Amino acid sequence: MRGVSFWFVATGSVFVTLGMLGGIAMSISGDHTLAPAHAHLNLVGWVTMALFGLYYHLVPAAAATTMARAHFAIASAGVIIMVPGIMLAITENGEALAAIGSLLSLASMLIFVLTVLRNRA
Ligand code: HEM
């Protein structure tokens with residue numbers, strides 16, 4: 001695996017490692033307050049990113065574009081901004097970061113929709 005596929009899967013696996021550490025910390029402490037941040041880190045940061053990576057691996061023509069590199073940057077930024085944003089929102093410290101991160105994640109998914117439609121065999 002190489003290029004944008006590699007980066008999606010590699011970055012996703014770092015996200016899920018952090019998500020698992022957060023899950024273990026929640027279990028040990030018995031404080032599950034941040035469970036939604038954990039869930040988003042694992043599902044948007046790992047499951048979604050890994051699916052993007054596998055798609056680009058299966059469709060090399062889609063991977064070899066500037067749009068694919070932009071997709072990776074926007075998807076990663078979405079997770080990196082949204083997850084701390086959810087933590088801030090849950091602890092009632094503001095929702096702006098969660099809003100920005102979620103819009104980036106939405107933009108990433110819209111790029112993926114366009115990519116899939118453009119690369120119909
Ligand atoms: C070491 C691995 C993991 C540990 C120790 C762990 C631990 C936890 C804990 C303690 C909770 C809170 C449960 C509650 O309050 O009812 C939770 C919730 C959750 N976890 Fe994990 N988790 C792990 C991995 C994962 C992975 C890999 C995923 C998804 C791919 C995931 C998805 C979720 C979801 C969707 C929730 C529900 C969140 C919510 O109710 O808001 N977890 N997890």
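Coordinate-derived values only; no laboratory data. Bear in mind that the values here come from a model prediction, so they are computed numbers and not experimental data. Virtual Cβ from ideal backbone geometry, glycine too; neighbours counted across all protein chains shown.
Here are the numbers for the structure shown:
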{"quantity": "Förster radius 25 Å - calculated FRET efficiency between Leu51 and Asp31 (Cβ-Cβ, nearest 0.05)", "calculated": "0.25"}
{"quantity": "Neighbour-count ranking [beta-carbon atoms within 10 angstrom, fewest first] of His57, His71, His38, His32", "calculated": "His32, His57, His38, His71"}
{"quantity": "Estimated distance in nm for a label pair at Leu58 and Leu110, the labels positioned 7 Å out from Cα along Cα-to-Cβ", "calculated": "2.5 nm"}
{"quantity": "Of Ala63, Ala96, Ala25, the one that fluctuates the most in a GNM where the chain has Cα springs shorter than 10 Å", "calculated": "Ala25"}
{"quantity": "Ellipticity estimate at 222 nm from DSSP helix runs (n ≥ 4, -39,500 (n - 2.57)) divided over the chain, nearest 500", "calculated": "-26500 deg cm²/dmol"}
{"quantity": "GNM result for the chain, Cα springs below 10 Å: residue of Ser27, Ser105, Ser76 fluctuating most strongly", "calculated": "Ser27"}
